[in-house]
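> Below is one structure. I have some questions about it.
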Amino acid sequence: MSNGRALTATRNGGPASTSVVKDFLALIKIGIVNSNLVTTFTGMWLAFQFTSRHFLQELDVILFTMLGAALIIGGSGAMNNFIDQDIDPIMKRTKARPTVTGRFKPNFVLTIALSFLIVGEILLFAASFAAGMWGLVGIFAYVVLYSMWSKRKHVSNTVVGSISGAIPPVIGFAAVEPTLGAGALALFLIMFAWQPPHFYALAMKRTEEYRAANIPMLPVVKGFKRTKYSMLFWILLLLPLPFLLPELGIGFLILATALNLGWLILAFKGFTTKDDMKWANKMFIYSLNHMTILFVSIIIFALFS
């Protein structure tokens, strides 16, 4: 994988060593791991508050859940890189992935992916049987339903992919309260509805890359106007969902509604904009801030509810 000079630099802790770490983090999609851990913790935290159990007395559950979730998300990301080796070189966004550059060979990537998935599932089952089962659902949804099936065949691939993205908070909730409940359903639905407008904005920015890779993303198949209507639909669907968490109080409902209305207003502006790419970038950035603020606020308001 490397020449002698690179190996020497690695042993000495030089640039090659840093590059290997960076490439490994890219392989497991560390950004996706981190964002999903926020939602996993939120689900677990909400379950602790709703069941009046003290998290300090169950630190083992927290450790097993967070580490297990991190591993299955990272393993699924590595598996996605393994599956997409043929199309990643075509897209500017993915052509620097270590599976494309040759940093990591396919057998190594597959070994890492499966090892992460197996160890992650063992940890989730140690937290609770329900957490382990929901972990399996998430893996199947992302690796099989999205990466292997819908991504290359159906324009609905983004919606199908949203299933796996909505599972992490359910895993967190199930680790504490296996029977789940309205709180887990609310988090699932919020994450499910949030993802299409988020990823459609990204797809608009990368439309020509997806077209070149023959990936049937909505902007590629249906065009920008149809994509904007779909984004508007999902944001409208998101509007009432925070009200499924009345236990968090009026302050949370006001904040969540304000976030949703702000996103809705920005979505409407898409129909009059003269620069679709600039607007799509604003939608993408807003979606990231929306998710971060919303889930952090859930944690805070749950603490005082």
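The values are calculated or read from the model by the stated rules, or taken from the named source; none is laboratory data. Quantities reported herein were computed from a predicted structural model and do not represent experimental measurements. With ideal geometry, Cβ positions are generated from the backbone for all residues, glycine too; neighbour counts draw on all protein chains shown. The protein model used for the area step is the full one, side chains on, heavy atoms only, and it has no ligands, DNA or RNA in it. Shrake-Rupley method; radii C 1.70, N 1.55, O 1.52, S 1.80 Å.
> Solvent-accessible area per residue for the range 17-99 at a 1.4 Å probe radius, Å²?
Averaged over the residues of the range 17-99, the accessible area is 43 Å².
> Right, something else. Going toward the positive end of the dipole of the chain, with +1 on Lys and Arg Cβ and -1 on Asp and Glu Cβ, which of Pro169, Pro216, Phe233 do you reach last?
Pro216
> Of (i) 1.08; (ii) 0.99; (iii) 0.95, which is the value of Rg/Rh (Cα atoms, Kirkwood Rh) derived from the coordinates here?
Here Rg/Rh (Cα atoms, Kirkwood Rh) agrees with entry (ii).
> Using a Förster radius of 22 Å, what is the FRET efficiency between Thr292 and Leu237 based on their Cβ-Cβ separation? Nearest 0.05, please.
Given R0 = 22 Å and the Cβ-Cβ separation, E is 0.60.
> List, largest first, the extents of the alpha carbons of the range 172-305 along their principal axes, each in whole Å.
47, 30, 19
> Out of the total accessible area of the chain (probe 1.4 Å, heavy atoms of protein only), what percent is carbon and sulfur?
Accessible surface attributable to carbon and sulfur in the chain totals 69 percent.
> Kindly provide the helix-only [θ] at 222 nm of the chain, computed as the sum of -39,500 (n - 2.57) over DSSP H runs of four or more divided by all residues, to the nearest 500 deg cm²/dmol?
-23500 deg cm²/dmol
> Give the distance, in whole Å, between the Cα centre of the range 82-121 and the Cα centre of the range 252-293.
Here the two parts' Cα centres lie 32 Å apart.
> Past 26 Å, Cα to Cα: identify those pairs from Lys95/Lys269; Lys205/Lys269; Lys22/Lys282; Lys29/Lys225; Lys22/Lys274, in the order given.
Over 26 Å apart, Cα to Cα: Lys95/Lys269; Lys22/Lys282; Lys29/Lys225; Lys22/Lys274.
> Students often check this: by mean Cβ neighbours within 10 Å, which of 168-175, 271-278 ranks highest, and how do the rest follow?
Descending packing order for the listed peptides: 168-175, 271-278.
> Something else: Residues of the range 191-301: accessible area per residue at 1.4 Å, in Å²?
For the range 191-301, the per-residue accessible area is 46 Å².
> Here's something else I'd like to know. Given charges of +1 on the Cβ of Lys and Arg and -1 on the Cβ of Asp and Glu, with all other atoms neutral, how large is the dipole of the range 76-125 about its Cα centre, in debye to the nearest 20?
Magnitude of the dipole: close to 300 debye.
> Additional query: Rolling a 1.4 angstrom probe over the protein chains, ignoring ligands and nucleic acids, what is the accessible area of Val220 in square angstrom, nearest 10?
For Val220, the solvent-accessible surface is approximately 30 Å².
> Helix hunt in the chain: which complete DSSP H runs extend at least 20 Å axially by C-alpha with mean Kyte-Doolittle at least 0.0?
Correct list, ordered by number: 30-50, 59-83, 106-127, 182-205, 224-238, 250-269, 276-304.
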